[in-house]
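Read through the structure below, which is laid out as structure tokens, and then see the notes.
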Amino acid sequence: MAFLKRGEPGEWPQNTRKIRRIRRRKAGGELSVDCRAGVSCVVRLKTKRAINKPLRAATSRWISHGASSIHGRGVRARVLIPAGTRVVEYTGERITKAEADRREKLRLARGRRGGDDCVYIFELNARHDLDGRTRRNVARLINHSCAPNCRAETIRGRIWIIALREIPPGEELTFDYGFALKDWRLHPCRCGSPKCAGYIVSGWQRRRLRRLVREARALERRTAIN
Ligand SMILES: [Zn+2]
């Protein structure tokens, strides 16, 4: 249960739907937010549990999550999902490109220390990215596949995971992460699809990736012989 305080103390907004986005987390269980009225508000959270309460739906009736057959945890279809369905929204924190670069460096450093180096930052537009590294964003658990059954699409500033075809209940949801070719060695792929190129890169660059992998392996063999 969250209590809102709008502008001056004692002035209360109508309901929590007025919250547009979290501005920054304050000390003492408070969140500073922008409400629809354009007024800066402070949300005081009664319990620690309330901090993780979604401000906007971050899961959906179509899915359930648990152990993945590809990597770590994953998301599966709970019921039959028709082709073209907006399955779940990929939610998170809207950040500037500069902040995204800073967080990317932290992620790489975390990976070098053996920690979680999963990528959760999505490109939203020319100025902003979306950092989905939050527990309330269930879509962050969807794994990559080289033969995906979903795609990620930005619709009016929101990122949706959309079914590419009919997905039967129990099937794991996947989409193409679309990583750049230049960092291919950083992202091994375990999707197990016959189309798998061994590393996660954007679908249209997979042919070039296969050539790079072949060349790298040939070089390794030559080095081992010498
Ligand atoms: Zn793969």
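The values are calculated or read from the model by the stated rules, or taken from the named source; none is laboratory data. Fair warning: this is a prediction, and the values are worked out from it, not measured in the lab. We place every Cβ from the backbone using ideal geometry, glycine too, and count neighbours over all the protein chains shown. Surface areas here come from the heavy atoms of the whole protein model, side chains and all, with no ligands, DNA or RNA. Shrake-Rupley method; radii C 1.70, N 1.55, O 1.52, S 1.80 Å.
Side notes on the structure shown:
- When region 182-202 is filtered for residues that are more than 10 Å from the ligand (Cβ to nearest atom), over 29 Å from ALA83 (Cβ atoms) and either under 19 Å from the mean Cα position of the chain (by Cα) or buried (at least 16 other Cβ atoms within 10 Å of the Cβ) (or both), the ones remaining, listed by number, are ASP183, TRP184, LEU186.
Residues are listed down the side, and each one gets a yes or a no for (1) within 21 Å of ILE95 (Cβ to Cβ); (2) among the polar types (S, T, N, Q); (3) in the same structural domain as ARG94 (by TED's automatic domain parsing):
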position: VAL138; (1), (2), (3): yes, no, yes
position: HIS144; (1), (2), (3): no, no, yes
position: ASN149; (1), (2), (3): no, yes, yes
position: GLU153; (1), (2), (3): yes, no, yes
position: ALA180; (1), (2), (3): yes, no, yes
position: ARG211; (1), (2), (3): no, no, yes
position: ALA224; (1), (2), (3): no, no, no
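- Scoring LEU130 on the criteria (1) open to solvent by 40 Å² or more (accessible area, probe 1.4 Å); (2) more than 15 Å from ARG86 (Cβ to Cβ); (3) not small (Gly, Ala, Ser) leaves a single failure, condition (1).
- Top-ranked residue of region 182-219 - restricted to ones that are among the aromatic types (Phe, Trp, Tyr) and in contact (Cβ under 8 Å) with a residue 12 or more places away in the chain, ranked as farthest from ASN149 (Cα to Cα): TRP184
- Condition check for ILE225: within 16 Å of the chain's Cα centre (by Cα), at pLDDT below 95 and either loosely packed, with under 13 Cβ neighbours inside 10 Å or within 15 Å of the ligand (Cβ to nearest atom) (or both): no
- Output for region 152-172, where each listed residue is touching a Leu at 6+ places or on another chain (Cβ under 9 Å) and open to solvent by less than 50 Å² (accessible area, probe 1.4 Å): GLY157, ILE159, ILE161, ALA163, ILE167
- Applying the criterion of being within 16 Å of the ligand (Cβ to nearest atom) and of a type in the set (A, V, I, L, M, F, W, C) to the residues of region 133-146, the residue that is farthest from ILE70 (Cα to Cα) is CYS146.
- From ARG94, ARG103, ARG165, ARG110, residue being in contact (Cβ under 8 Å) with a residue 24 or more places away in the chain and either within 16 Å of the ligand (Cβ to nearest atom) or assigned to a helix (DSSP H, G or I) (or both): ARG103
- Residue list for region 133-145, filter: touching a residue at least 60 places away in the same chain (Cβ under 8 Å), open to solvent by 40 Å² or more (accessible area, probe 1.4 Å) and not in a loop (DSSP other than H, G, I, E, B): none
- In the set (1) assigned to a helix (DSSP H, G or I); (2) away from the ligand (no atom under 16 Å from the Cβ); (3) not polar (S, T, N, Q), the condition left unmet by LEU130 is number (1).
- Of all residues in region 152-162, those that are within 16 Å of TYR120 (Cβ to Cβ) and not in a strand (DSSP E or B) total 0.
- ASN149 within 15 Å of the ligand (Cβ to nearest atom), surrounded by 20 or more Cβ atoms within 10 Å (Cβ to Cβ) and touching a residue at least 60 places away in the same chain (Cβ under 8 Å): no
- Some residue of region 57-65 being within 25 Å of ASP129 (Cβ to Cβ), at pLDDT 50 or above and part of a strand (DSSP E or B): yes
- All conditions in (1) within 16 Å of the ligand (Cβ to nearest atom); (2) assigned to a loop (DSSP other than H, G, I, E, B); (3) without any contact (Cβ under 8 Å) to a residue 60 or more places away in the chain hold for PHE179, with the sole exception of (3).
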